[in-house]
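The values are calculated or read from the model by the stated rules, or taken from the named source; none is laboratory data. Because the structure is predicted, anything quoted here is derived from the model rather than measured. Here the Cβ positions follow ideal geometry from the backbone for every residue, glycine too, while neighbour counts run over all protein chains shown.
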Amino acid sequence: MKTYIIRRSLQSIVVFCAILVIIFSMLWLTGNPAEVLLPVDADQEAIDALSKEMGFDQPLYIQFGYYLFGNPHQGTGGLIRGDFGISSNHEIDALELVLSHFPNTITLAVCAVCIAVILSIPLGVLSATFRNTWIDYSSSVCAMFGQSMPNFWFGLLLILFFAVWWKVLPTSGYEDWTYLILPSATAGIYATARITRMVRSQMLDVLEMDYVRTARSKGLIEYVVIIYHALKNASIPIVTLIGLELGILLGGTVVTETIFSFPGVGYLVVDAIATQDFPVVQAAVALLSLSFVFVNLFVDILYAWLDPRISYS
């Protein structure tokens, strides 16, 4: 077990290092960053001066070293010290700004996953247990609706019904738990559909196994057979998908946060991209990527609790 955790941790470090290379490369996707930072009418002399001042005239491998260990031209300590530079919009440390918004994104993602799990697991279990009945067909229709409906359109519909017409929930911002209901439902609708289909598929396979028939032949109550024998043994791919959905939601709530003006990292990144605030964008992407890596590592370790037969050797 310890060997497995160490090995997976090392693999996660390699993955995160690859992500850092991609994040650094993002800065050059639009060309010379100095041209982007300066006004459109800036002449070549001004561009060259800013490039020299910021170190953009150095070879890429030297700039990557600056990115990791600090840039003397910009006075930053580098990613190793958690120093991404100063936000040009807010004039504070970029990582500090992102961290101040990160708890809101975590709260939104966790609430969305909780909604997805609470809805999808009962729907998937019922769909598999009552296969080819109206319950199964209704569950399949709901899952198809959830995967087909774009979340931005679903979010607008929720605002129209619950905020504009019925006036029972707020439309934007974040002051108390009521502000989480509509964004969480919007972000969780796609995850609900995917998890429902996964639960149904896995339960159909497990319900045909010999140990399930044996449990029924012993006279066990049906819900005991379904929950303690079938669902637990079908949980490995389900937990994997739930962890994946949580990681996706941590970095993929940009549209939802923008629709509801929710003060999370996604909303902050959209504003930073629009104003070319590169330190904030890089800090946000690095933090969200690290969170995704940690979620996957946690899910892998969780397998041992769910299925003791799994070998980590």
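Report whether or not VAL164 is under 30 Å from GLN202 (Cβ atoms) and not polar (S, T, N, Q). So VAL164 fails the test.
Residue by residue, here is whether (1) among the polar types (S, T, N, Q); (2) at pLDDT 80 or above; (3) surrounded by 15 or more Cβ atoms within 10 Å (Cβ to Cβ); (4) outside any helix (DSSP H, G or I) holds:
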{"residue": "ARG7", "(1), (2), (3), (4)": "no, no, no, no"}
{"residue": "LEU10", "(1), (2), (3), (4)": "no, yes, no, no"}
{"residue": "ILE19", "(1), (2), (3), (4)": "no, yes, yes, no"}
{"residue": "LEU29", "(1), (2), (3), (4)": "no, no, no, yes"}
{"residue": "ALA34", "(1), (2), (3), (4)": "no, no, yes, no"}
{"residue": "ALA46", "(1), (2), (3), (4)": "no, yes, no, no"}
{"residue": "LEU50", "(1), (2), (3), (4)": "no, no, yes, no"}
{"residue": "TYR61", "(1), (2), (3), (4)": "no, no, no, no"}
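Please state which of the following conditions ILE118 fails to meet, knowing it meets all the rest: (1) at pLDDT 75 or above; (2) closer than 16 Å to VAL281 by Cβ; (3) exposed (fewer than 15 other Cβ atoms within 10 Å of the Cβ). Tallying (1) at pLDDT 75 or above; (2) closer than 16 Å to VAL281 by Cβ; (3) exposed (fewer than 15 other Cβ atoms within 10 Å of the Cβ), ILE118 fails exactly one: (2).
Within the range 141-164, the set of residues being touching a residue at least 40 places away in the same chain (Cβ under 8 Å) and small (Gly, Ala, Ser) comprises ALA143, GLY146, GLY155.
The residues of the range 208-256 that are surrounded by 19 or more Cβ atoms within 10 Å (Cβ to Cβ) and assigned to a loop (DSSP other than H, G, I, E, B), listed by number, are ALA234, THR253. If you check LEU157, LEU182 for being crowded, with 21+ Cβ neighbours inside 10 Å and part of a helix (DSSP H, G or I), only one passes: LEU182.
Restricting to the range 125-179, count the residues that are acidic (Asp, Glu) and within 14 Å of ILE189 (Cα to Cα). Looking only at that region, the number is 0.
Quick test for you: out of LEU68, LEU79, LEU60, LEU97, pick the one residue that is hydrophobic (A, V, I, L, M, F, W, C), in contact with a His (Cβ under 7 Å, 6 or more places away or on another chain) and over 30 Å from LEU231 (Cα atoms).
Numbers: LEU68 fails: in contact with a His (Cβ under 7 Å, 6 or more places away or on another chain); LEU79 fails: in contact with a His (Cβ under 7 Å, 6 or more places away or on another chain); LEU60 fails: in contact with a His (Cβ under 7 Å, 6 or more places away or on another chain).
Just a single option satisfies the conditions, and that option is LEU97.
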